[in-house]
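K.L.:
Below is a structure I'd like to ask you about.
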Amino acid sequence: MTSNVRADMDDVDWAATPLGPRSAWPQSLRTTVEIMLTSRFSMWMAWGPQLTFFCNDAYRRDTLGEKYPWALGRLASEVWAEIWADIGPRIDSVLATGVATWDEALLLFLHRSGYPEETYHTFSYSPLADDEGTVAGMLCVVMEDTERVIGARRMQTLRDLAAATASTLTVNEVFAESCDELGRNRMDVPFALFYARTDAAGAATGGELKPGAGGTAELACAVGLDDDHPAAPQQIDLAGEAPLWPLTASEVVVDLDVRFGELPRGDLPAAPDKALVLPLRTAPGRATHGWLVLGLNRFRPLDEAYRTFINLAVAEVNAAVDSAAAIEEERRRATALAELDAAKTRFFTNISHELRTPLTLILGPAADMLHDGAAPLPERQRRRAEMALRNGERLLGLVNTLLDFSRIQAGRARCRRQSTDLARYTAELAAMFESVITSAGLSLTVDAPPLTSPVTVDREMWTKIVLNLLSNALKFTFDGGIAVELCQLDGEFEGSPHVELRVRDTGIGIEPAEQAHLFERFHRVAGARSRTFEGTGIGLALVAELAELHGGAVSVESAPGVGSTFAVRIPATGELTDTHDDPGESDEDAPATAARFLEQAQRWVSDARTASNDAGQDPSTSRERVLLVDDNADMRTFLLSLLSDHYDVEAAFDGLDALTKARARAPDLVLTDVMMPNLDGFGLLKALRADEALREVPVIMVSARAGEDGVSAGLEAGATDYVLKPFSARELLARVRATLDLDRSRREGARTSAAIDLLDRGQQVARIGFWSIEVESGATSVSSGLLDMLGMTAHQVTELGFEASIRAAVHPEDQHLVLEAIEAGIRGEPMLYTVRLVQAGKDEVLCKVLAEVEFSAGQARVIHGFAQAVTREGT
Ligand code: ADP
């Protein structure tokens, strides 16, 4: 804007003002006006008893707005009527005292843009003296501060909003905190309402809000308005007609009329007359999850700065909602998981309890049967009862482990600690395992020097810790040895004395990635080579829990192919921390536990050794041969006794063993378990199918893998049949028989058709063909060798029938020979004739036919004969 106040002053009718014409102005006034006009600082001044108004270009530009040029020469009280109450007293004081005033960022509602506007000014009023030296006016040097003050205020709100919502955890908390923070700035936010979308699709992460989709919005929180204010309805029906607030997918400016009731003024001189309804969504294109209704400061324009402030505030709220929704979702998932886990624990507890009763009732009678001196069992029955007892006990052991584990998980396990000479106790446990370890070809070293003081442990739990680790070491070690060490870690760990148990092995080791998961319930390393497939993945989880119950911890160090060391460290305090005894909860005592572990380990070792001796049959017998594959010795014995009455049975203890045995001598049938160490049933099946000599051998798979669609998996993999455990002896025998029979007829069928094929090919080479005709029906069949000579297909011969076939294939002059020969044949005379066969595009073939007629009950039934080509084509 070009400077023209000076020019505009010329247009003012000064004579009509209290100051009179300019020519009559005192020198002091002229000089002061001149100084003001030439200054680039924003200034205005008032002169004379009635305070006539002057200003310069800067003031006109920055402050005066639409009051210019009207204001020039008016009374200051008229020009600034709307703020005279604020500035009048200041001017009076300057005039009266001659002392300048100073105000910083004073809020003044100026009427310069067509509405009262919130503005801020820093200014000083200084006295102006006339030619006599008396105070005759005042000069104001002013700097408008509006942008700075409002900008800083909004920035502060945005900063506080970000800080307050940074750590909010739920969507509702985000709304409440945001509401609070916005409410602290009642200049820019005279009131605010947060509405949350409550219909199902309107969850923070839900679907897009479609027009007319319905649903409701619930008032989440409000500031500046009471909850029961008519402008703050608790609920808004999104599909309702003319709702108070238009909650839609886009922003709307609402004129606040009587429907909204009397609205509070906030920190402003008057209540807002407009509000902004803003949809909240976490990202463009995402669903609207709520709305912010914002009363607008009617003393500020809704300009770019105001909009930027509102948009940034909304963005802040949205970001906080987004992360709160993510946290809520995460928490929901964690809760669901925890519930699932608890349900699993409950389920195991229940099922274990349920299993224990029938098991006890199976084991009791079985034991009685074996120990009944009055009625001793015959040898064969005794062996069977022993097997039942052994396996029942194994099942009971598994159930007890599950129960132990569930009890710990449910927080119901109690340590019954006793002061124990832990070194000796541990050494004894290890010694129990010595013979089984040596019979597996491994060495055992025990290093457990006496500890300085007894340690309190729950002995049964300690037994489980030591034996779980020992039996794992045995299970996964094939060469070398196992070492058990117990030592005192005086003060080395957490400043208090601890003892550490270490079980080392030179076994298969564990991949680093797996090590972190070993102590998780049910975790097993897939494909690990082991002595047995038995196991549930609970052992180490149990060890960890038991160690924890003793205030200790477990750790592992392992290198694949080198070996593993498991260490359990427990405090060596002599205190009896928790001696609570829960007698009803004791399932096994330490010796029973130890016996169970030992029995199990013996079985693994003997399983492998006894397998090869199972085959006791004479290989020269002509009975069918079954190769039986199972890693469980009892199962092998059971199946062996079942099958050996009918078949020659050879047993193998895993897939690899079976493959070697099958290659040495091909069986007629393979009956294999699925889950086995080293090479499982599926691996074996694949290897057999890939072996030229063994690919036809029928394979029956036996598995406990129910429910996982194991049957179809097995059949798809090429098993001939699939039997689920548990099975009855009769069922298994029937399946084996059926499979063998089917295979035999398949092989015989294959042999017959091979023989026919061979004959046919021979006929073609010798150019001989056979034919036969049923006299009554005329049905004709012709061998392929003859078809070749006739130049016809079997189908054509059938279609045409005998006579038409003769007409088509035999030289017209010779056809009668055929018919005459047949008549002769029916009369019982010999049939021997030679005819020429013709084929389009080929030379004639001379064909010698010898035939005979088959009679039954004096009737000619079938004529059959053979034909031989006696000339070659082309000769
Ligand atoms: P389970 O032996 O019943 O499978 P555990 O919890 O005792 O269950 O062991 C979990 C898994 O940890 C085992 O399946 C095996 O893969 C691995 N593991 C445990 N001990 C050893 C060991 N000494 N050497 C190698 N792998 C081991």
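K.L.:
Specify the angular offset, from 0 to 90 degrees and rounded to the nearest 10, of the alpha carbon long axis of helix 171-183 from the longest principal axis of the alpha carbons in the chain.
P.N.:
For helix 171-183, the angle is close to 10 degrees.
K.L.:
Moving to a separate point now. Based solely on its DSSP helices, what 222 nm [θ] is calculated for the chain when runs of n ≥ 4 H residues each add -39,500 (n - 2.57) and the sum is averaged over all residues, nearest 500 deg cm²/dmol?
P.N.:
Mean residue ellipticity at 222 nm (helix-derived): -13500 deg cm²/dmol.
K.L.:
Can you tell me the equivalent ellipsoid semi-axes for segment 260-396? Use √(5λ) from the Cα gyration tensor, largest first, whole Å.
P.N.:
Value: 81, 14, 8 Å, ordered largest first.
K.L.:
Cα atoms only, segment 314-353: Rg and Dmax in Å?
P.N.:
17.1, 57
K.L.:
DSSP beta bridges in the chain, what fraction antiparallel, as a percent rounded to 5?
P.N.:
The antiparallel proportion sits near 85 percent.
K.L.:
Give or take rounding to whole Å, what are the principal axis extents of the alpha carbon atoms in the chain, in descending order?
P.N.:
169, 107, 48
K.L.:
Would you please name the chymotrypsin sites (Phe, Trp or Tyr not before Pro) within segment 1-81 that are DSSP coil residues with at most 15 other C-beta atoms within 10 Å of their C-beta?
P.N.:
Phe41, Trp70
K.L.:
Apply the Debye scattering formula to segment 435-569, with a single equal point scatterer on each alpha-carbon and no solvent, then give log10 I(q)/I(0) at q = 0.11, 0.19, 0.22 Å⁻¹.
P.N.:
Summing over Cα pairs of segment 435-569 leads to -0.39, -1.16, -1.48.
K.L.:
Under 4.7 Å Cβ to Cβ, no partner at all: give me those cysteines from the chain, in residue order.
P.N.:
Within the chain, the cysteines lacking a partner Cβ under 4.7 Å are Cys55, Cys140, Cys415, Cys487, Cys847.
K.L.:
Within segment 669-752, report the trypsin sites (Lys or Arg not before Pro) that DSSP leaves as loop and that have at most 14 other Cβ atoms within 10 Å.
P.N.:
Arg695
K.L.:
Need the C-alpha centroid separation for segment 17-74 versus segment 116-165, integer Å.
P.N.:
Centre-to-centre (Cα) distance: 20 Å.
K.L.:
Between Gln600, Gly683, Val853, whose Cα lies farthest towards the positive end of the dipole of the chain when Lys and Arg beta carbons carry +1 and Asp and Glu beta carbons carry -1, centred on the Cα centre?
P.N.:
Ranked along the dipole, the leading option is Val853.
K.L.:
How large is the translational diffusion coefficient of segment 323-397 in µm² per second when you combine the Kirkwood radius over alpha carbon pairs with Stokes-Einstein at 25 °C and 0.890 mPa s?
P.N.:
The estimated diffusion coefficient comes to 155 µm²/s.
K.L.:
Separate question: What base-10 log of the normalised intensity I(q)/I(0) is obtained for segment 387-489 from the Debye formula, alpha carbons as equal point scatterers, at q = 0.12, 0.19 Å⁻¹?
P.N.:
Computed log10 I(q)/I(0) values: -0.52, -1.09.
K.L.:
So how long is each side of segment 1-135 along the principal axes, counting just the alpha-carbon atoms, biggest first, in Å?
P.N.:
Principal-axis extents of the Cα atoms in segment 1-135, largest first: 39, 35, 26 Å.
K.L.:
If you don't mind, there's one more thing I want to ask. Please pull out the direction-averaged projected area of segment 118-166, using the convex hull of its alpha-carbon atoms, in nm² to one decimal place.
P.N.:
Approximately 4.4 nm², given one-decimal rounding.
K.L.:
Compute the Cα gyration tensor for segment 28-76, then decide on rounded, prolate or oblate, letting a ≥ b ≥ c be the square roots of its eigenvalues: rounded whenever a/c is under 1.5, prolate when a/b is larger than b/c in the other cases, and oblate in all that remain.
P.N.:
The shape class here is oblate.
K.L.:
Please work out the Cα center distance from segment 453-509 to segment 333-384, rounded to the nearest Å.
P.N.:
Cα centroid of segment 453-509 versus Cα centroid of segment 333-384: 29 Å apart.
K.L.:
Please list, by residue number, every one of the trypsin sites (Lys or Arg not before Pro) in segment 758-859 that is coil in DSSP and has at most 15 other beta-carbon atoms within 10 Å.
P.N.:
Answer by residue number: Arg827, Lys842.
K.L.:
Output wanted: per-residue J couplings in Hz (rounded whole) for segment 597-604, from phi through Karplus 6.51 cos²θ - 1.76 cosθ + 1.60, θ = phi - 60°, x for Gly and Pro.
P.N.:
After applying 6.51 cos²θ - 1.76 cosθ + 1.60, I find 4, 5, 4, 5, 5, 4, 4, 4 Hz.
K.L.:
Then there is this: Mind ranking 172-185, 85-98 by how tightly packed they are, going by the mean number of other C-beta atoms within 10 angstrom, highest first?
P.N.:
Ranked from most to least packed, the peptides come out as 172-185, 85-98.
K.L.:
At 0.36 nm per residue, and after removing the present C-alpha to C-alpha distance, how many nm does the segment from Arg331 to Arg663 gain when stretched out fully?
P.N.:
So the extension gain works out to 113.8 nm.
K.L.:
Shifting gears a bit: Which three lengths, in whole Å and largest first, does segment 780-859 cover when its Cα atoms are put on their principal axes?
P.N.:
Cα extents, longest axis first: 44, 25, 19 Å.
K.L.:
Shifting gears a bit: From the phi of every residue in segment 231-243, what ³J(HN,Hα) in whole Hz does the Karplus formula 6.51 cos²θ - 1.76 cosθ + 1.60 yield, where θ is phi - 60° and glycine or proline is x?
P.N.:
Ordered by residue, 3J(HN,Hα) equals 7, 10, x, 5, 9, 10, 7, 5, 9, x, 7, 6, x Hz.
K.L.:
Now a separate question. Where the eigenvalues come from the Cα gyration tensor of segment 84-181, what are the semi-axes √(5λ) of the equivalent ellipsoid, largest first, in whole Å?
P.N.:
So the three semi-axes of segment 84-181 are 45, 13, 10 Å.
K.L.:
Let's see if you can work this out: charge +1 on each Lys and Arg Cβ, -1 on each Asp and Glu Cβ, no other charges. What is the dipole magnitude of the chain about its Cα centre, in debye to the nearest 20?
P.N.:
Computed about the Cα centre, the dipole is about 1840 debye.
K.L.:
Let me ask something else about it. Restricting the calculation to Cα positions, tell me the Rg (one decimal) and the Dmax (whole number) of segment 733-825 in Å.
P.N.:
19.1, 67
Rule-based calculations on the coordinates, nothing more; no lab input. Bear in mind that the values here come from a model prediction, so they are computed numbers and not experimental data. Neighbour counts run over all protein chains shown; Cβ positions are idealised from the backbone, glycine included.
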